[in-house]
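**Student:** The structure that follows is given in the form of structure tokens.
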Amino acid sequence: MFPARYWREMPQRYRLEAGKCKRCGKVCFPPRLVCPKCGNRTFDTVRLADEGVLKTYTVIRVAPSQFTGQSPYAVGIVELDGGVLITTQVVDILLDEIKLGQRVRVEFRRVQEDGSAGIICYGYKCVPAA
Amino acid sequence: MAGIVGYGAYVPVHRIKVEEIAKVWGADAESYKKGLALVEKSVPSLDQDTITMSVEAARNALKRAKIDPSLIEATYVGSESHPYAVKPSGTVVSEAVGTSRNTHCADFEFACKAGSEAMFVCVGLVNGDTVKYGLAIGADTSQGAPGDALEYSAAAGAAAFVFGKEDGVAKVVATHTFMTDTPDFWRREYEYYPRHGGRFTGEEAYFRHVATASKQMMEKVKMKPQDFKFAVFHQPNGKFPMKVGEMLGFKREQIEAGWLAPILGNTYSGSSPMGLTAILDVARPGDMILMTSYGSGAGSDSFVYEVTKKIDEVRDVAPKTRQQLDKKRYVEYGVYAKFRGKIRMAD
């Protein structure tokens, strides 16, 4: 990932910052320029909850080059408390122990790195809550 | 007078037992367990490093501090395993927890006492009214060469403290430091693993510095070992902190609450600060705590804390340190070697 793009996405990747439409209240994550529900262009910045429920997941066995060291790994859709859905890796759990509906918690992790000399990209992943 | 307003720790979930490491190198596990007084150590995952653990520990500290992170005006991360050689860990941590943009930010390095250095400087800045709140972190994903004695103890973890002018959960009664130029342990530029002076790391290094700093501190505050409810010393293994405590006149029960090395290993810059978090998890208002770190090279920072009534309000707001230690998943040596980057991969 290029440093400039990584830098632009830090608020959402580091702090789960979302955009809440000032007109209709829809929460967009990642933040958007135009509300997909009402077309409004002004948003408040809100932080999403750091816990939620795993709704579904898949296991990646043939990974993109920057993730090969981590494969096989789980990528799931988590409904955070408050209702926003995020796509995230689910880690610190054996793949055959993952259960749909289980509580998970957001943790700050390394997501990918640009080789051994490039930048390290940090962001969120989910781990079992209990 | 500065106080600890919030505190937090982070322990990775993975562990490796001494037996598993000894099996690979044909070593006698029992002699290592007895010699080091530890049975297992924490292991960071592939996606964990000093920065990620610092952020998690800092978030736990901020939950207990119950302050707006934007009020933090100093962020210091002490570690000897900063992920970048050039680029601060502290900027990532500040951005992730949402401190002020005017936060004074720096990474510290002084072998295993980099974390207490961060604490020492934050206390000074708060006492001098230079900052309202300061965030001090000690964290490491410690390195130990394969097969070396260090491999049995070099672990991973982090502790974070928010210091402020109010008493908080513990008042900082006094700070003290002692240092000499002692080449007991080092890592040269571009070297992957540290080297050490074997037995020289004991008497003239660890014991001299920890004992001297602690004695001088007790003289400074006119206190004796029996005046303290708890004491925590740097924990390169399970044996040294107990031995130095005994040398100083402390009893085993004063040290046990913060004695994490037997089931955590040596978290280097996180070591005595993590022990302090475990003590705060069980301390009562009015308890006095002596903390003395140790960093090779060499030096010790000593702190005296007095626990306040507020501890009972915030203790359960974030995960306790021993609760995190109880949550674990064991890995075999192969997985450990992969997690720690000990396997040479194709580009």
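The values are calculated or read from the model by the stated rules, or taken from the named source; none is laboratory data. All figures in this text were calculated on a predicted structure; none of them were measured in a lab. Cβ sites come from the backbone with ideal geometry, for glycine too, and all protein chains shown count toward neighbours.
**Student:** Within the range A:1-15, take every residue that is within 12 Å of chain B (Cβ to nearest Cβ) and of a type in the set (A, V, I, L, M, F, W, C) and give me the one that is surrounded by the fewest Cβ atoms within 10 Å (Cβ to Cβ).
**Tutor:** Restricting to residues being within 12 Å of chain B (Cβ to nearest Cβ) and of a type in the set (A, V, I, L, M, F, W, C), the top hit is A:TRP7.
**Student:** Give the residues of the range A:83-122 that are on the phi > 0 side of the Ramachandran plot and modelled with pLDDT of 95 or more, sorted by residue number.
**Tutor:** A:GLY83, A:ASP92, A:GLY101
**Student:** For the range A:69-97, which positions are closer than 13 Å to A:VAL127 by Cβ, of a type in the set (Gly, Ala, Ser) and not in a strand (DSSP E or B)? So that I can check it myself, show each step before the final result.
**Tutor:** Restricting attention to the range A:69-97, the residues satisfying the condition of being closer than 13 Å to A:VAL127 by Cβ are A:73-74, A:76, A:78, A:88-94, A:97.
Then drop every residue that is not of a type in the set (Gly, Ala, Ser), which leaves A:74, A:76.
Listed by number, the list is empty, since nothing qualifies.
**Student:** Mind listing whichever residues of the range A:107-123 are under 16 Å from the mean Cα position of the chain (by Cα) and either within 10 Å of chain B (Cβ to nearest Cβ) or in a loop (DSSP other than H, G, I, E, B) (or both)?
**Tutor:** Matches in the range A:107-123: A:GLU107, A:PHE108, A:ARG109, A:ARG110, A:VAL111, A:GLN112, A:TYR122, A:GLY123.
**Student:** Within the bounds of the range A:16-24, is there any residue that is within 13 Å of chain B (Cβ to nearest Cβ), in contact (Cβ under 8 Å) with a residue 24 or more places away in the chain and within 30 Å of B:LYS63 (Cα to Cα)?
**Tutor:** Kept after step one, since they are within 13 Å of chain B (Cβ to nearest Cβ), are these residues of the range A:16-24: A:16-17.
Adding the requirement that they be in contact (Cβ under 8 Å) with a residue 24 or more places away in the chain leaves A:16-17.
When the remaining residues are screened for being within 30 Å of B:LYS63 (Cα to Cα), the result is A:16-17.
Within the range A:16-24 (the criterion being within 13 Å of chain B (Cβ to nearest Cβ), in contact (Cβ under 8 Å) with a residue 24 or more places away in the chain and within 30 Å of B:LYS63 (Cα to Cα)), the answer is yes, since at least one residue qualifies.
**Student:** Any idea how many residues of the range A:46-70 are within 11 Å of another protein chain (Cβ to nearest Cβ) and over 18 Å from A:LEU16 (Cα atoms)?
**Tutor:** Number of matching residues: 5.
**Student:** Please determine, by comparing only the residues of the range B:49-79 that are more than 13 Å from chain A (Cβ to nearest Cβ) and surrounded by fewer than 24 Cβ atoms within 10 Å (Cβ to Cβ), which one is farthest from A:TRP7 (Cα to Cα).
**Tutor:** Checked the range B:49-79; the qualifying residue farthest from A:TRP7 (Cα to Cα) is B:LYS66.
**Student:** Can I ask one more? Please go through the range B:324-335 and pick out each residue that is within 11 Å of another protein chain (Cβ to nearest Cβ) and not in a loop (DSSP other than H, G, I, E, B).
**Tutor:** Selection gives B:ARG329 alone.
**Student:** Which condition from (1) within 14 Å of chain A (Cβ to nearest Cβ); (2) farther than 21 Å from B:ILE137 by Cβ is the one that B:LYS309 breaks?
**Tutor:** (1)
**Student:** Just one of (1) within 14 Å of the chain's Cα centre (by Cα); (2) surrounded by fewer than 21 Cβ atoms within 10 Å (Cβ to Cβ); (3) within 12 Å of chain B (Cβ to nearest Cβ); (4) not hydroxyl-bearing (Ser, Thr, Tyr) trips up A:LEU85, so point out which.
**Tutor:** With (1) within 14 Å of the chain's Cα centre (by Cα); (2) surrounded by fewer than 21 Cβ atoms within 10 Å (Cβ to Cβ); (3) within 12 Å of chain B (Cβ to nearest Cβ); (4) not hydroxyl-bearing (Ser, Thr, Tyr) applied to A:LEU85, the lone miss is (3).
**Student:** Return the only residue of B:ALA283, B:ALA257 being more than 24 Å from B:GLU80 (Cα to Cα) and buried (at least 24 other Cβ atoms within 10 Å of the Cβ).
**Tutor:** B:ALA283
**Student:** Could you figure out which of (1) surrounded by 12 or more Cβ atoms within 10 Å (Cβ to Cβ); (2) part of a loop (DSSP other than H, G, I, E, B) isn't true of A:LEU100?
**Tutor:** (1)
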